[in-house]
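Q: Just dropping this structure here.
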Amino acid sequence: MPELTLLAWVLLGVGALAVGLAKTAIGGVGSIAVALFAWALPAKASTGTLLLLLLVGDLVAIAVYRHDVAWRDLGRLVVPVLLGVGAGTVFLSFVSDRVLKVTMGVVLLSLVVAHYGTQWAARRRRGRALDDDGPTSGPPTRRGAQWLLAGGYGVLGGFTTMVANAGGPAMTLYFLAARFPMRRFLGTGAWFFFLVNTIKVPFSVGLGLMDADSLKICAVCIPLVLFGTWLGRVLISRIDQARFNAVVLAFTALSAGLLFL
């Protein structure tokens with residue numbers, strides 16, 4: 001078993017719990033897990049270990065939401081996501097742990113800003129539509145616009161998930177733009193991340209991000225991931241989604257800032 005401090009194990013445990021919550025309830029919690037694992041382990045090792053736990057959570061989420069999937073939208077994402085994963089793999093092969101940790105912080109902060117920026121723009125569009133007595137604006141309806149939207153978010157999601165296991169916020173923005181109902185949102189996200197994370201495994205092994213220690217840490221943390229998925233299913237119908245999201249984003253920004261230390 002890897003020699004880690006008590007604090008490191010606590011961080012890993014809380015991060016594993018956050019992974020489970022992210023898979024069945026609030027995706028933004030996953031960003032906190034990225035930061036916690038990066039504090040507890042060397043940055044590159046944290047990426048590989050966290051990937052294994054994400055796959056466990058993905059399998060649970062697929063079982064829960066297996067009938068609620070927008071396969072056509074997933075198809076649009078395949079090529080751009082692969083391009084993003086490839087770019088992230090090249091990036092990881094050249095950078096040091098310190099550069100990677102700073103990059104993870106920049107990625108998380110940028111996605112938090114993008115999330116709030118998107119919300120602000122959506123409110124402005126709704127306000128203008130109401131002033132004009134017209135319907136609120138929805139997602140792009142032209143096929144070219146849909147492919148452009150999927151391409152941009154797909155590349156960003158592929159890169160951020162390969163570099164920092166932080167593709168959740170980017171893809172959340174895409175699914176929000178597509179205006180999915182809640183179950184389709186969760187089901188499509190579950191299948192998306194299971195497929196992407198599976199594709200990432202051979203790249204991570206080739207880069208040396210996974211080893212025997214990763215498997216040992218994963219084995220210890222799996223029960224907490226499973227508990228988190230159960231807790232997420234219980235909480236999702238009992239919490240104020242908007243307020244909880246605001247708290248999660250605030251902690252994500254704080255976690256990202258601490259990665260610079």
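Q: Any idea which of 184, 179 is under 23 Å from residue 148 (Cα atoms) and in a helix (DSSP H, G or I)?
A: Result of the check over 184, 179: 184.
Q: Condition test on residue 53, is it part of a helix (DSSP H, G or I), surrounded by fewer than 24 Cβ atoms within 10 Å (Cβ to Cβ) and touching a residue at least 24 places away in the same chain (Cβ under 8 Å)?
A: no
Q: Which residues, counting only those in the stretch 71-98, are closer than 28 Å to residue 229 by Cα, of a type in the set (A, V, I, L, M, F, W, C) and surrounded by fewer than 19 Cβ atoms within 10 Å (Cβ to Cβ)?
A: If the condition is that a residue be closer than 28 Å to residue 229 by Cα, of a type in the set (A, V, I, L, M, F, W, C) and surrounded by fewer than 19 Cβ atoms within 10 Å (Cβ to Cβ), then 71, 74, 78, 82 are the ones that fit.
Q: Being closer than 22 Å to residue 212 by Cβ and of a type in the set (Ser, Thr, Tyr) is the filter here; which residues of the stretch 31-46 pass it?
A: Across the stretch 31-46, the qualifying residue is only 46.
Q: Please verify whether residue 243 is surrounded by fewer than 16 Cβ atoms within 10 Å (Cβ to Cβ), in contact with a Phe, Trp or Tyr (Cβ under 8 Å, 6 or more places away or on another chain) and either modelled with pLDDT of 85 or more or of a type in the set (Lys, Arg) (or both), treating the condition exactly as stated.
A: Considered against the rule, which asks whether it is surrounded by fewer than 16 Cβ atoms within 10 Å (Cβ to Cβ), in contact with a Phe, Trp or Tyr (Cβ under 8 Å, 6 or more places away or on another chain) and either modelled with pLDDT of 85 or more or of a type in the set (Lys, Arg) (or both), residue 243 comes out as no.
Residues checked against (1) crowded, with 24+ Cβ neighbours inside 10 Å; (2) hydroxyl-bearing (Ser, Thr, Tyr):
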| residue | (1), (2) |
| --- | --- |
| 155 | no, no |
| 158 | yes, no |
| 161 | yes, yes |
| 166 | yes, no |
| 172 | no, yes |
| 178 | no, no |
| 187 | no, no |
| 193 | yes, no |
| 206 | no, no |
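Q: Continuing with this model, one more query. For residue 150, state whether it is modelled with pLDDT of 70 or more, among the aliphatic types (A, V, I, L, M), within 20 Å of residue 58 (Cα to Cα) and part of a helix (DSSP H, G or I).
A: no
Q: Do we have residue 107 as in a helix (DSSP H, G or I), β-branched (Val, Ile, Thr) and at pLDDT below 80 here?
A: yes
Q: If the requirement is being under 24 Å from residue 60 (Cβ atoms) and of a type outside the set (Phe, Trp, Tyr), which of these qualifies: 23, 44?
A: Going through 23, 44 in turn, just one is under 24 Å from residue 60 (Cβ atoms) and of a type outside the set (Phe, Trp, Tyr): 23.
Q: Cβ-Cβ distance below 7 Å, separation of 6 or more or different chains: which pairs start in the stretch 205-217 with a residue that is on the phi < 0 side of the Ramachandran plot and end on one that is surrounded by fewer than 21 Cβ atoms within 10 Å (Cβ to Cβ) and in a loop (DSSP other than H, G, I, E, B)?
A: Hits for this filter: 213/2; 216/1; 216/2; 217/2.
Q: Just the residues that are charged (D, E, K, R) and buried (at least 16 other Cβ atoms within 10 Å of the Cβ), please, taken from the stretch 208-218.
A: Once the filter is applied, which keeps residues that are charged (D, E, K, R) and buried (at least 16 other Cβ atoms within 10 Å of the Cβ), the stretch 208-218 yields only 213.
Q: Turning to a different aspect of this structure: For the condition part of a helix (DSSP H, G or I), in contact with an Asp or Glu (Cβ under 8 Å, 6 or more places away or on another chain), buried (at least 19 other Cβ atoms within 10 Å of the Cβ) and not β-branched (Val, Ile, Thr), what is the one hit in 61, 22, 33, 45?
A: 45 is the lone residue from the list that is part of a helix (DSSP H, G or I), in contact with an Asp or Glu (Cβ under 8 Å, 6 or more places away or on another chain), buried (at least 19 other Cβ atoms within 10 Å of the Cβ) and not β-branched (Val, Ile, Thr).
Q: OK, next. Just checking, does the stretch 151-163 include any residue being farther than 26 Å from residue 44 by Cβ and either among the charged types (D, E, K, R) or in contact with a helix residue (DSSP H, G or I) (Cβ under 6 Å, 6 or more places away or on another chain) (or both)?
A: yes
The values are calculated or read from the model by the stated rules, or taken from the named source; none is laboratory data. Keep in mind it's a predicted model, so treat the numbers as computed, not measured. Cβ: placed from backbone, ideal geometry, glycine included. Neighbour counts: every protein chain shown.
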